[in-house]
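Worksheet for the structure shown next.
Computed from the coordinates by the stated procedures, all read-outs in this text should not be read as laboratory data. The structure displayed is predicted, hence computed values, not measured ones. Every residue, glycine as well, gets a Cβ built from its backbone with ideal geometry; the counts of neighbours run over all protein chains shown.
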Amino acid sequence: MKSDNSQKPEAVEIICKDGERLQGHFFKTGKSASGLPVLICPATGVKQHFYMRFANWLSEQGHDILVFDYRGVGLSLSGDLADSKASLTDWGRLDQVAALECLLNRTGHEQAVLLGHSAGGQMMGLMSNHARIARVVGVSISTGWFAGLRLAFRLKAMWGLRFFVPVGIKLLGYGPTAIIGLGENLPAVAAYQWGIWCAAGGYATNATKGKPEIDFHNQVRMPIIAFYAGDDDIANEATVDDLMRTFPHASKQVFKIQPAQVGLKSLGHIDWFRNSHQVVWPLLAKAIKGE
C-alpha cells in the first residue's frame, strides 16, 4: 500500500469568525477528484503532522484533503501555551466550522466528509454549518465518560484529568497532559474542560446547557459511521453509546474492530493513522466514499 507518489501539501491559513488564525495543510488529489473533499479533524492533543501520511494516501484515492491544528495546538499555537485561552468549545464552534468552510471554498463543493479522530468526530453538535457535512467517519469517537471506562483506566483518567491536570494548571498555566500520556500539553481551559466533560458524560452537550444558540445536537442528521478498536481504553461500547445518544436524529453505524481481524497485534485509540497500521486505511476510505 506504500506509495512513491507523495506530493508536498500546500500550507493553508484558516481564519475563524473571531479572527483567530489556524494553520493547516491542503492535499490536492493528483488525479481527477472522484470523491467528496475530506476534512481531517484531529484528536485532543494530537498535531496535524500525525495525519500527514494518511492524508497523502487518501488524496491518492481521489479526494482533496484539509488537515489542521486547533487553536492552542501545534502550528496554530501563537505565543506561549500558558497564554492561550483556547477551549474545546472553541475547537468545535469556531475552528472546525472555519476549517470546513475553508475546504469547501477551495474545492467548490457544497459538502465534505468530516473524518474525525476521537474529539475531532465528537463536536458536530457545536458546528453551525453541520448541514454542509455529507457524512462523518469517526475513528475512536466516544465521550470518554469516566463511568463507562474499565476500572483500572477509569481511575487513571480520573486522577489525571480531575486532579493532576488541574493542579498543573495552577502551577504552570497550562494542562500538563503529555506527562500522563494524553497527547500534547494543552491550553488550560481546554484541559480543564476535558476533565469536566469526561466526568459528566454527554461530551459537548455540557458546553451547550443554557446556550441554545450554540447547540445543534438535535439538528444533526448526517450519517455517522464510527469505528473503534477492541483494545481501546477510551472508546468502548458504553462510551460510544454515550456519544451516539447526543445525536438522536442522525443515522448511525458502529463498527468494533478487533486487532486480530486485520492482522494486527494492537490498534488502540491512536494507532489507526500510523504508517505501520495502513491495513485499516481501506476500511476508512470505503466509509468515506459512502460504500
So how do 16, 41 line up by other beta-carbon neighbours within 10 Å, fewest first? 16, 41
Here region 241-257 yields Karplus 3J(HN,Hα) values (6.51, -1.76, 1.60; θ = phi - 60°; whole Hz; Gly and Pro given as x) of 4, 4, 6, 4, 5, 6, 10, x, 9, 7, 7, 9, 10, 10, 10, 9, 10
Evaluate the distance, in nm, between pseudo-label points positioned 7 Å from the Cα of residue 83 and of residue 49 along their respective Cα→Cβ axes. 2.2 nm
Calculated FRET efficiency for the pair residue 131/residue 151, C-beta based, R₀ 45 Å, to 0.05: 0.65
What does the net charge come to around residue 126 if you take all other residues with beta carbon closer than 12 Å to its beta carbon, with K and R at +1 and D and E at -1? -2
Summing -39500 (n - 2.57) over every DSSP H run of at least 4 residues in the chain and dividing by its residue count gives a helix-only mean residue ellipticity at 222 nm, to the nearest 500 deg cm²/dmol, of -6500 deg cm²/dmol
Using alpha carbon centers only, region 104-183 is separated from region 24-50 by a whole-angstrom value of 18 Å
Arranged from highest to lowest average of other beta-carbon atoms within 10 Å per residue, in what order do the peptides 218-230, 262-274 appear? 218-230, 262-274
How high is the relative contact order of the chain, in percent, counting Cα pairs under 8 Å that sit 6 or more residues apart? 19 percent
The chain, Cα convex hull volume normalised per residue, Å³: 123 Å³
Percent antiparallel among DSSP beta bridges with both residues in the chain, to the nearest 5? 35 percent
Checking rank on 137-150, 169-182, with mean other Cβ inside 10 Å and highest first, the result is 137-150, 169-182
Gain in length, residue 219 to residue 109, computed as 0.36 nm per residue apart minus the alpha-carbon separation, to one decimal in nm? 37.4 nm
Can you run phi through the Karplus equation (6.51, -1.76, 1.60; θ = phi - 60°) for region 125-130 and list ³J(HN,Hα) in whole Hz, with x for Gly and Pro? x, 9, 8, 5, 9, 4
Cβ-Cβ cut-off under 14 Å around residue 234, Lys and Arg +1, Asp and Glu -1: the net charge is -3
Across 28/85; 17/47; 8/85, pairs whose alpha-carbon gap is larger than 28 Å: 28/85; 8/85
Per-peptide average of other Cβ atoms within 10 Å, ordering 19-28, 110-119 highest first: 110-119, 19-28
Computed Rg/Rh of region 174-291, alpha carbon atoms with Kirkwood Rh: 1.00
Calculate the dipole size of region 10-288 relative to its Cα centre from +1 charges on Lys and Arg beta carbons and -1 charges on Asp and Glu beta carbons; express the result in debye to the nearest 20. 420 debye
Find out how many positive minus negative residues lie around residue 258, taking Lys and Arg as positive, Asp and Glu as negative, among other residues whose Cβ is under 12 Å from that of residue 258. 0
Can you list the residues, at least 5 places off or on another chain, whose amide H is less than 5 Å from the amide H of residue 226, using H built in the peptide plane? 138, 253, 254, 255
What is region 113-185 by shape, rounded, prolate or oblate, if you read a ≥ b ≥ c off the alpha carbon gyration tensor as root eigenvalues and call it rounded for a/c under 1.5, prolate for a/b larger than b/c, and oblate otherwise? prolate
Counting only residues 5 or more apart in sequence or on a different chain, those whose built amide H sits under 5 Å from that of residue 232 are 268
